[in-house]
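See structure below.
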Amino acid sequence: ELLEEYGRGLIALTGDMNGIVSHYLLAGMPEEANTSLSRLQNCYGKENVYLELVDHPEIENQKLVNDLLIELGKKSGTPLILSNNVRYTTKEEQSAFDVLLCIKDNRLLSDPHRFRVTADLSLKTEEELQKRWCKIPEVFTNTLEIASQCKLEFKFGKNLIPPFPTPE
């Protein structure tokens, strides 16, 4: 309800496979996916909603979801963007990320039942993405369009975290 009241002018991405549109597409429920997309467009404005393709072909069902989103984009006229679910900057940092997951979950690296991420969640270079997505160049144009609408001034070296009193 709040988004319906105040969402105009914000930019909305449909999210990864856990997003509502992708969820319905994966479940074989295209009408519900269309309804969810229409609701987002009503909240934010049709021109401010983008279908989010994710560059992780090694993740189960990701290529299928991307293909379904591309088709939905063609049918609905909704623009596509490309994202990359980044958890670390280089592939070499994957093992450190794995250790952090173990710490978070209070598990050992040797635990065969612990949560594991096998996908490469490193930051991809523009060249890597351009090579893989050259057949859909609008994902880059649309991503740059969103970036041009974002106005952020960031001052390095200045602490912007408000004080939060903690007990002694």
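Can you tell me which condition Asn85 does not meet? The list is (1) over 27 Å from His23 (Cα atoms); (2) in a loop (DSSP other than H, G, I, E, B); (3) of a type outside the set (Val, Ile, Thr), and all the others hold.
Among (1) over 27 Å from His23 (Cα atoms); (2) in a loop (DSSP other than H, G, I, E, B); (3) of a type outside the set (Val, Ile, Thr), Asn85 violates only (1).
Of all residues in region 116-149, how many are assigned to a loop (DSSP other than H, G, I, E, B) and within 17 Å of the chain's Cα centre (by Cα)? Don't jump to the end; show me each part of the working.
Taking region 116-149 first, the residues assigned to a loop (DSSP other than H, G, I, E, B) are 116-121, 123-125, 133-137.
This time we only want the ones that are within 17 Å of the chain's Cα centre (by Cα), so: 117, 119-121, 123-125, 133.
The total comes to 8.
Which residue pairs have Cβ atoms closer than 9 Å, lie 6 or more positions apart in sequence or on different chains, and pair a first residue in region 105-122 that is over 26 Å from Thr89 (Cβ atoms) with a second residue that is assigned to a helix (DSSP H, G or I) and not charged (D, E, K, R)?
Note: pairs meeting the criteria are Asp111/Cys102.
Check Thr78 against each of (1) assigned to a helix (DSSP H, G or I); (2) open to solvent by less than 30 Å² (accessible area, probe 1.4 Å); (3) in contact with a helix residue (DSSP H, G or I) (Cβ under 8 Å, 6 or more places away or on another chain) and name the one condition it does not meet.
Thr78 satisfies every listed condition except (1).
Can we say Ser22 is surrounded by 14 or more Cβ atoms within 10 Å (Cβ to Cβ), modelled with pLDDT of 95 or more, closer than 24 Å to Leu3 by Cβ and within 17 Å of the chain's Cα centre (by Cα)? So that I can check it myself, show each step before the final result.
Details: surrounded by 14 or more Cβ atoms within 10 Å (Cβ to Cβ): yes; modelled with pLDDT of 95 or more: yes; closer than 24 Å to Leu3 by Cβ: yes; within 17 Å of the chain's Cα centre (by Cα): yes.
Here the answer is yes, as Ser22 does meet what is asked.
Tell me, please, whether a residue that is part of a helix (DSSP H, G or I), surrounded by 18 or more Cβ atoms within 10 Å (Cβ to Cβ) and at pLDDT 95 or above can be found in region 55-66.
Our first condition is that a residue be part of a helix (DSSP H, G or I); within region 55-66, this holds for 62-66.
Next, from what is left, pick out any that are surrounded by 18 or more Cβ atoms within 10 Å (Cβ to Cβ): 62, 65-66.
Checking the rest, the ones that are also at pLDDT 95 or above come to 65-66.
Checked against the condition, which is being part of a helix (DSSP H, G or I), surrounded by 18 or more Cβ atoms within 10 Å (Cβ to Cβ) and at pLDDT 95 or above, region 55-66 yields at least one hit.
Condition (residue is at pLDDT 90 or above, open to solvent by less than 90 Å² (accessible area, probe 1.4 Å) and among the basic types (Lys, Arg)) applied to region 114-132: is it met by at least one residue?
Yes, the conditions are met somewhere in region 114-132.
Within region 139-168, how many residues turn out to be farther than 18 Å from Leu10 by Cβ and of a type in the set (S, T, N, Q)? Before you say what the answer is, go through the steps one by one.
Quick first cut of region 139-168, residues farther than 18 Å from Leu10 by Cβ only: 139-141, 144, 153-168.
Of the ones still in play, those that are also of a type in the set (S, T, N, Q) are 141, 159, 166.
Summing the residues that are farther than 18 Å from Leu10 by Cβ and of a type in the set (S, T, N, Q) in region 139-168 gives 3.
Filter region 1-16 down to residues that are of a type in the set (A, V, I, L, M) and surrounded by 12 or more Cβ atoms within 10 Å (Cβ to Cβ) and give me whichever is farthest from Lys46 (Cα to Cα).
Leu3
If you check Ile59, Ile70, which single one turns out to be over 15 Å from Gly15 (Cβ atoms) and out of contact with any helix residue (DSSP H, G or I) (no Cβ under 8 Å at 6 or more places or on another chain)?
Answer to the selection: Ile70.
Sort out which residues of region 12-47 are in contact (Cβ under 8 Å) with a residue 40 or more places away in the chain, of a type outside the set (Asp, Glu) and outside any strand (DSSP E or B), and write them in order of number.
Thr14, Met17, Val21, Ser22, Leu25, Leu26, Pro30, Asn34, Leu37, Cys43, Tyr44
The values are calculated or read from the model by the stated rules, or taken from the named source; none is laboratory data. Since we're looking at a predicted model, the values are computed, not measured. With ideal geometry, Cβ positions are generated from the backbone for all residues, glycine too; neighbour counts draw on all protein chains shown. These accessible areas exclude ligands, DNA and RNA; they are computed on the full protein's heavy atoms, side chains included. Shrake-Rupley method; radii C 1.70, N 1.55, O 1.52, S 1.80 Å.
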